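Colleague: Below is the structure I would like to discuss, written out as structure tokens.
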Amino acid sequence: MSVKKDLIKLKFKIIAILNKPKYSKFKNEYFAKNYSETKRLIVFFVPDGAYRINGGILSICTIYKTLKTLKSIHNCDVIASYLPGVNYSDYKYRTFENEIVIYNFSEINKRFTALDYIQIHVPEIMVELFKTKSKKFEILFDFLKKCKEVELNILNQNDLFMPSKVYLDYLKSRFNAITMTVAHKKYASLEKRNEYNLPTHLLSPWLNPVPYKVRSYEEKENLVIYSPDKIQWVPNKTNLSKEEIISNLKSKLPHYKFVEIKNLKYDAYKDLASRAKFALTFGEGLDGYFIEAVFSGGISFAVYNENFFTQEYKNLDTLYDTFDELNANIVSKINELDQKEKYYNKHVEIAAIVNKSYSIKYLETDLKEFYNKKYDFE
């Protein structure tokens, strides 16, 4: 972790400690207003840290917000919680606009005494902790014994982060009813359902809790934004470094400004994305950096990653088979597209594909199906 990121983390931790009485008062009042008569509850386990922001957290915040509007379907109240054993004073993610209010699990344990039904959503990266930190989780299992009906859903937001069989088997030994929702069409499949032996359902991803600001070609700047990922984090082999690729771009496109999306509040990032003509992601490919630039009226570049992109993206000429191919061709492609009509046509082409999978309406439909137990793969 960088020194700057460490300082940001420390800053938010100090703020949380200093504001603990105020935050506790808010949570008490919010609970009294929203959960005083709760008998059926949906719980999202989320990472602690008011400074945090990533695609997984943005997605959870959106699912949380959407579920609160669908109470007529699931007849539950919705709450967010840090993992058992975590004691964090702040109740909110502070670097982007969102509606989520987060409690320590110890608070949930004390406040809900006799639930008729509880469903827990747990991100895939947290599944291993149920086994590796099992002593800390005993408070959860003792609490669940007091609930009449218990279900658990694994939020598979990145299939590369799914735990091994030993951790899934442990979870299955502790819960009688487990499902899995996935965030990409690529692994919403019978193959994945059989691999994990779990009923599987697609929750169409939607990252943004608030609307995007769309700018036209004329309103955009000679600006290229790029993701903070390292190339080696994705399964695309190359001897090139990210720095070499950016250096190549800067030397051949001196009239452009290049900005790495790093240490920014989400709202500031969104503004930057709306002003940028082009975006380049070094991560999984079909990620927030790629998608949100398109939603902001821009054009995105990436390497085709078969773990995430579906076949319909394969022929886009802003996607490359390797980073070496991208490095050799991206400058000429940017120069070619830096013209009003060509820019507009390319944006429309990419947006037409993206819009088939990404929409808040699709997410609402998927959630309704999920809570009616109409899974894509039983």
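The values are calculated or read from the model by the stated rules, or taken from the named source; none is laboratory data. What you see is a predicted model, and the numbers here were worked out from it, not measured in a lab. Heads up, the Cβs are rebuilt from the backbone with ideal geometry, glycines too, and the neighbour counts pull from every protein chain shown.
Colleague: Those residues that are in contact (Cβ under 8 Å) with a residue 40 or more places away in the chain and of a type in the set (D, E, K, R), I need them from segment 325-373; list them, please.
Modeller: The answer is 338, 340, 346, 356, 364, 366, 368, 369.
Colleague: Still on this structure: For segment 48-72, what are the residues that are of a type in the set (A, V, I, L, M) and assigned to a helix (DSSP H, G or I)?
Modeller: Scanning segment 48-72 gives 57, 58, 60, 63, 67.
Colleague: Has segment 256-268 got any residue that is of a type in the set (S, T, N, Q), out of contact with any Ser or Thr (no Cβ under 7 Å at 6 or more places or on another chain) and within 18 Å of residue 328 (Cβ to Cβ)?
Modeller: Step one: filter segment 256-268 for residues of a type in the set (S, T, N, Q), giving 263.
If we keep only those that are out of contact with any Ser or Thr (no Cβ under 7 Å at 6 or more places or on another chain) too, we end up with 263.
Checking the rest, the ones that are also within 18 Å of residue 328 (Cβ to Cβ) come to none.
The answer is no, given that none of the residues of segment 256-268 is of a type in the set (S, T, N, Q), out of contact with any Ser or Thr (no Cβ under 7 Å at 6 or more places or on another chain) and within 18 Å of residue 328 (Cβ to Cβ).
Colleague: Another question, then. For the condition part of a helix (DSSP H, G or I), within 30 Å of residue 271 (Cβ to Cβ) and out of contact with any Ser or Thr (no Cβ under 6 Å at 6 or more places or on another chain), what is the one hit in 125, 100, 139?
Modeller: None of the other options fit; the residue is 125.
Colleague: Would you check which residues across segment 245-270 are in a helix (DSSP H, G or I) and either exposed (fewer than 14 other Cβ atoms within 10 Å of the Cβ) or of a type in the set (Phe, Trp, Tyr) (or both) and list them?
Modeller: 247, 250, 251, 252, 266, 267, 268, 269
Colleague: Oh, and also: In segment 354-364, is there at least one residue being under 21 Å from the mean Cα position of the chain (by Cα), closer than 27 Å to residue 162 by Cβ and part of a loop (DSSP other than H, G, I, E, B)?
Modeller: There is at least one residue in segment 354-364 that is under 21 Å from the mean Cα position of the chain (by Cα), closer than 27 Å to residue 162 by Cβ and part of a loop (DSSP other than H, G, I, E, B).
Colleague: On to the next question. Residue 119 fails exactly one of the following numbered conditions: (1) touching a strand residue (DSSP E or B) at 6+ places or on another chain (Cβ under 6 Å); (2) polar (S, T, N, Q); (3) in a helix (DSSP H, G or I). What is the number of that condition?
Modeller: Failed condition: (3).
Colleague: Which of the residues belonging to segment 310-326 are under 17 Å from residue 346 (Cβ atoms), surrounded by 15 or more Cβ atoms within 10 Å (Cβ to Cβ) and not polar (S, T, N, Q)?
Modeller: Of everything in segment 310-326, those that are under 17 Å from residue 346 (Cβ atoms), surrounded by 15 or more Cβ atoms within 10 Å (Cβ to Cβ) and not polar (S, T, N, Q) turn out to be 313, 316, 319, 320, 326.
Colleague: If we scan segment 17-39, do we find a residue that is in contact with a strand residue (DSSP E or B) (Cβ under 8 Å, 6 or more places away or on another chain), at pLDDT 90 or above, closer than 20 Å to residue 205 by Cα and not hydroxyl-bearing (Ser, Thr, Tyr)?
Modeller: No, that holds for no residue.
Colleague: Scan segment 169-209 for residues that are part of a loop (DSSP other than H, G, I, E, B), among the polar types (S, T, N, Q) and at negative phi and jot them down.
Modeller: Of everything in segment 169-209, those that are part of a loop (DSSP other than H, G, I, E, B), among the polar types (S, T, N, Q) and at negative phi turn out to be 176, 189, 204, 208.
Colleague: Is segment 78-97 home to any residue that is part of a helix (DSSP H, G or I) and surrounded by 20 or more Cβ atoms within 10 Å (Cβ to Cβ)?
Modeller: No, segment 78-97 contains no residue that is part of a helix (DSSP H, G or I) and surrounded by 20 or more Cβ atoms within 10 Å (Cβ to Cβ).
Colleague: Could you look through segment 63-76, keep only residues that are under 14 Å from the mean Cα position of the chain (by Cα) and either of a type in the set (A, V, I, L, M) or surrounded by fewer than 22 Cβ atoms within 10 Å (Cβ to Cβ) (or both), and pick out the one that is farthest from residue 154 (Cα to Cα)?
Modeller: Step one: list which residues in segment 63-76 are under 14 Å from the mean Cα position of the chain (by Cα), which gives 63-65.
Subsequent filtering for residues that are either of a type in the set (A, V, I, L, M) or surrounded by fewer than 22 Cβ atoms within 10 Å (Cβ to Cβ) (or both) retains 63, 65.
Details: 63: 13, 65: 18 Å.
By that ranking, first place goes to 65.
Colleague: Are there any pairs with C-beta distances below 7 angstrom linking a residue in segment 37-51 that is over 23 Å from residue 130 (Cβ atoms) and assigned by TED's automatic domain parsing to the domain that holds residue 88 to a residue that is at pLDDT below 95 and outside any loop (DSSP other than H, G, I, E, B), with the two at least 6 apart or on different chains, and if so which?
Modeller: So the pair list comes out as 50/12; 50/16; 51/8; 51/9; 51/12.
Colleague: Next up: Among the residues of segment 365-378, how many are in a helix (DSSP H, G or I), among the acidic types (Asp, Glu) and farther than 18 Å from residue 186 by Cβ? Spell out the reasoning first.
Modeller: Quick first cut of segment 365-378, residues in a helix (DSSP H, G or I) only: 365-371.
If we keep only those that are among the acidic types (Asp, Glu) as well, we get 366, 369.
Okay, now just the ones that are also farther than 18 Å from residue 186 by Cβ, so 369.
Within segment 365-378, residues that are in a helix (DSSP H, G or I), among the acidic types (Asp, Glu) and farther than 18 Å from residue 186 by Cβ number 1.
Colleague: Among what's in segment 39-60 and is within 15 Å of residue 120 (Cα to Cα) and not basic (Lys, Arg), pick the residue that is farthest from the chain's Cα centre (by Cα).
Modeller: This residue is 41.
Colleague: When segment 346-365 is examined, which residues are found to be of a type outside the set (A, V, I, L, M, F, W, C), crowded, with 16+ Cβ neighbours inside 10 Å and modelled with pLDDT under 95? Give the derivation first.
Modeller: Step one: list which residues in segment 346-365 are of a type outside the set (A, V, I, L, M, F, W, C), which gives 346-347, 349, 355-359, 361-362, 364-365.
Cutting the leftovers down to crowded, with 16+ Cβ neighbours inside 10 Å gives us 346-347, 357-358, 362, 364.
Matches in segment 346-365: 357, 358, 362, 364.
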